[in-house]
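Working notes for the structure below.
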Amino acid sequence: MTESEFLAAAESALGKIEMALERAADDTDLDVECKRSGNVLEIEFIDNGSKIIVNSQAPMQELWIAAKSGGFHYRQKGGVWLNTRDGSEFFAALSTMISSQGGVPIVL
């Protein structure tokens, strides 16, 4: 994958997260605020003050997540972002992390 292809895929993923969380905040009891600065998306849970940080790492062509449950790296294979350690899928894992920290079941 070229750098420009990676940047487009990473931007798409971050945008998808932002849109899904905006909808979830409107449709559920999830009280979350998203802040975007370049390739970094900060998801803040207003009720408890915790955060999840999602960012892209162009040199490694990875998406990284930092959450209460730990730090995780994802690389795209076959159009799907997969954890570099256990093979779990990015959006499913992030859904679990958001649900846990936000106290509301969320599926991205």
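The values are calculated or read from the model by the stated rules, or taken from the named source; none is laboratory data. This one's a predicted model, so the numbers in the text were calculated from it and none came from an experiment. Here the Cβ is made from the backbone with ideal geometry for all residues, glycine too, and neighbour counts use every protein chain on show. Note: accessible area is taken over every heavy atom of the protein model, side chains too, but ligands, DNA and RNA are not part of it. Shrake-Rupley method; radii C 1.70, N 1.55, O 1.52, S 1.80 Å.
Brief remarks follow.
- Any hit, the stretch 63-76, residues being more than 13 Å from the chain's Cα centre (by Cα) and either at pLDDT below 95 or among the acidic types (Asp, Glu) (or both): no
- Any chance Ser99 is under 23 Å from Glu33 (Cα atoms), without any contact (Cβ under 8 Å) to a residue 12 or more places away in the chain and polar (S, T, N, Q): yes
- Test: Glu3 is surrounded by fewer than 19 Cβ atoms within 10 Å (Cβ to Cβ) and closer than 16 Å to Gly102 by Cβ: no
- Every pair of residues 6+ apart whose Cβ atoms lie under 8 Å, when the first sits in the stretch 35-50 and is of a type in the set (S, T, N, Q) while the second is open to solvent by 60 Å² or more (accessible area, probe 1.4 Å): Asn48/Gly103; Ser50/Lys68
- Test result for Arg23, under 13 Å from the mean Cα position of the chain (by Cα) and either modelled with pLDDT of 95 or more or open to solvent by 80 Å² or more (accessible area, probe 1.4 Å) (or both): no
- For the stretch 50-87, a residue qualifies if it is more than 20 Å from Ala20 (Cα to Cα) and part of a loop (DSSP other than H, G, I, E, B), and the qualifying residues are Ala58, Pro59, Met60, Gln61, Lys68, Ser69, Gly78, Thr84, Arg85, Asp86, Gly87.
Okay, residues lined up against (1) open to solvent by less than 70 Å² (accessible area, probe 1.4 Å); (2) touching an Asp or Glu at 6+ places or on another chain (Cβ under 7 Å):
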| position | (1), (2) |
| --- | --- |
| Ser50 | yes, no |
| Trp64 | yes, no |
| Val80 | yes, yes |
| Ala93 | yes, no |
| Thr96 | no, no |
